[in-house]
Amino acid sequence: MIVSEKIENKEIAKQYKELLRISYQTLSEDNKKLIRTAFDTAVHAHRNQRRKSGEPYIHHPISVAKIVAQEIGLDATSIAAALLHDVVEDTEYNFEDLEKLFGPGVAKIVEGLTKISKLSKESNVSLQAENFRKLLLTLNDDIRVIIIKIADRLHNMQTMDAMPEDKQEKIASETLYIYAPLAHRIGLYNIKNELEDLSFKYTEPNRYESIKNNIEDSKEEQDQYIKSFSEIVQFALAEEGLEYQIKGRSKSIFSINRKMTTQNIPFQKVFDKFAIRIIYNATHRNEKFLAWKIYSIVTDHFTPNPTRLRDWITSPKSNGYEALHITVMGPENKWVEVQIRSERMNEIAEKGYAAHHKYKQGEQKDIGIDSWLDKLQEVLESNTENPVDFVENFKLSLYSKEIFVFTPDGEIKSLPKGSTALDFAFNIHTEVGMKTRGARVNGKLVPLSRTLKSGEHVEIITSESIKPTANWLDFVQTSRAKSKIRSLLNEEKKKIAEDGRESLRRKLKQLKITLNDKTTAHMLRYFNLNSSLDLFYRIGLGTIENKQLKAFSNDFNSTFLNFFKKRIRKQNPVYKKEAQEKITQRFDTLVFGKQKESLKHGLAPCCNAIPGDPVFGFITINDGVKVHKKDCPNALSLQSNFAYRIINAKWVDSSSEEFSATLKLSGIDNMGIVSEVTQSISKLMSVNINKISFDSEDGIFNGLISVSVKNKTILNKLVKHLKKVNGVDKVLRE
């Protein structure tokens with residue numbers, strides 16, 4: 001036993017020395033002292049603990065610290081925090097102890113890491129959506145918290161063989177769903193690939209082993225191919241006096257599987273199983289020039305595919321990634337991707353955040369993780385989405401490819417692929433987005449739903465009379481735009497509700513009823529509404545008409561009748577059922593997709609959604625569309641594993657949904673008649689003009705106006721307004 005302990009202690013000391021040796025950052029004497037103190041504290045704290053594999057627990061924090069030091073390249077504070085990341089959760093130490101020993105910087109990072117560990121243990125299922133939102137909030141304190149957590153997760157995945165099978169699958173699914181996308185977004189591509197491969201190993205072990213064996217069998221062939229490619233270009237590169245190295249990079253097992261699955265092809269038919277990387281030595285001043293010089297040399301020898309050029313040197317990715325990617329017809333007439341990077345670019349690609357900050361200077365200061373964190377913070381602070389929606393939207397922004405478009409002033413804006421003209425408007429500024437009337441792309445007017453492409457020039461047309469509508473949510477893609485539109489719609493609803501409250505007070509006064517808390521509560525029960533905001537909003541829209549208010553008045557004034565109804569509700573279960581049907585009758589239709597189509601569907605028994613619940617559709621193999629609540633226990637699993645079979649769904653509240661109507665106008669053609677008509681329409685809230693056309697002949701005009709309105713009451717009010725316009729004789733609904 002004594003010998004065994006000596007051997008273990010010797011191995012621990014050896015790992016500590018290796019930790020100092022492999023550090024990416026240059027460590028001062030103070031840095032080394034900090035790391036040594038953290039190491040000694042961690043060794044003492046975990047002295048009686050062992051991992052499931054049987055080895056001393058201290059091996060885990062040392063391994064996490066080594067990943068942080070070498071593969072991610074963080075500073076001494078981060079290395080110390082990595083060594084201490086489990087100390088507060090698993091031992092007798094507390095945050096006050098750490099703050100006294102290491103100061104607030106290390107203690108705050110450890111506190112953030114401890115919070116995340118507690119969140120993931122709150123449930124037996126994978127990390128819940130609401131917890132993920134809380135996890136992301138730690139980014140506001142210190143980005144290093146999430147980066148160290150990614151390193152912690154990587155080592156756990158590397159050493160998961162000793163865990164039970166069900167836990168392996170749970171942790172692997174969570175890694176694939178959350179941590180791999182985060183690593184991708186922060187620019188840790190090597191770690192992201194390893195996390196995906198390890199997750200795949202535990203979620204689909206047979207398929208993983210099959211692809212892995214195929215890769216190993218073809219390794220010799222791959223090495224020979226890289227050698228033949230190198231031999232062709234290396235003489236030309238050397239002739240130019242370039243210092244360079246050529247490497248081959250295998251595609252990850254996970255990405256090969258994804259290509260095999262999406263294209264339904266066997267391993268042998270995946271032709272881009274690896275890429276060739278040319279890494280050259282350059283100063284910051286001439287690295288861009290040399291990249292294009294190498295591009296010219298490569299394309300002199302191999303025919304390029306012009307549609308596959310990716311210039312991330314001129315326009316770096318938002319996580320700071322820079323490189324020139326080209327696809328050429330290589331030896332044996334095979335397409336091969338060539339990545340051209342300087343040594344600086346290569347460090348940023350492999351170390352992400354840490355290398356980006358090492359090289360940050362001049363005009364580069366706004367590129368990368370900083371600007372992303374600013375956007376993230378804004379989304380987190382203003383977000384009102386259902387947690388599952390939030391995770392899905394956020395994951396889209398994590399994994400989305402980028403496009404680069406130009407403002408009228410020539411400024412480049414980066415947006416997720418699939419963004420629309422309206423997304424661009426909100427990206428410029430919220431005020432611009434909320435006043436957007438139209439857009440010009442490359443000088444031509446386009447719909448706000450038009451999807452943008454890289455290189456396009458976009459100009460936004462604004463108007464003070466424009467207000468956001470619920471339809472906008474159907475075609476914006478970015479989390480920023482969605483959260484802002486929802487917020488603006490809620491503000492608009494509150495304004496309409498304020499007017500509705502005053503209108504209700506006047507109408508009830510005529511019926512000799514005072515508007516107070518008691519009356520409001522009675523009205524909510526009578527009209528089957530959830531809140532006073534809903535009540536006042538519907539009064540403001542005109543959904544609840546005077547005839548209905550009179551009926552309410554009779555009910556309200558009949559005390560005996562109310563008492564009798566209460567007794568019936570208690571005694572008669574049939575009445576209860578009718579009441580429930582009345583409560584949900586506002587949500588009379590379930591619609592799917594952006595087109596809001598009515599599809600044949602069934603309700604999933606696992607969560608029993610009822611009208612009004614936030615829901616989504618899941619396309620099953622045999623039973624058509626099954627409807628699940630968004631907080632269904634199976635929601636995260638379905639959305640992570642079968643995202644391609646998820647379809648948006650919602651219950652339609654017919655009393656507040658917009659519908660289109662066309663009005664036919666005729667009358668005497670006065671000067672400015674069109675302007676007067678449009679102004680009359682714009683004065684009414686909740687009315688949008690979709691299409692307008694006027695013809696005039698011999699002093700008489702005929703016009704057609706297509707509008708979107710909330711309900712028939714508003715349409716009738718609009719007709720009355722238009723009839724009052726000087727010159728308008730008739731207004732008819734087509």
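Derivation of every value follows stated rules applied to the coordinates shown; laboratory data play no part. Nothing here was measured: the structure is a model prediction, and the numbers come from that model. Neighbour counts run over all protein chains shown; Cβ positions are idealised from the backbone, glycine included.
Quick notes
- In region 2-203, Rg over Rh equals 0.94, where Rg is the alpha-carbon radius of gyration and Rh the Kirkwood radius from pairwise Cα distances.
- Peptides 219-226, 481-488, ordered by how many other C-beta atoms sit within 10 Å of their residues on average, highest first, read 481-488, 219-226.
- Relative contact order (percent, whole number), region 141-203, Cα cutoff 8 Å, 6+ residue spacing: 38
- Distance histogram in 10 Å bins (all Cα pairs of region 213-366, percent per bin): 10, 37, 34, 17, 2
- With the convex hull of the Cα atoms taken as the outline of region 659-733, the averaged projected area works out to 4.2 nm².
- With a threshold of 28 Å on the Cα-Cα distance, the over-threshold entries among LYS317/LYS494; LYS435/LYS730; LYS192/LYS273; LYS192/LYS626 are LYS317/LYS494; LYS435/LYS730; LYS192/LYS626.
- Fraction of C-alpha pairs exceeding 20 angstrom in region 587-653: 18 percent, rounded to a whole number.
- Sorted peptide list for 45-53, 171-179, criterion being average Cβ within 10 angstrom, highest first: 171-179, 45-53
- DSSP-defined beta bridges in region 598-681 - what % are antiparallel, rounded to 5: 75
- As a rough guide to protection, the peptides 67-75, 246-254 ranked by mean Cβ packing within 10 Å, highest first, stand as 67-75, 246-254.
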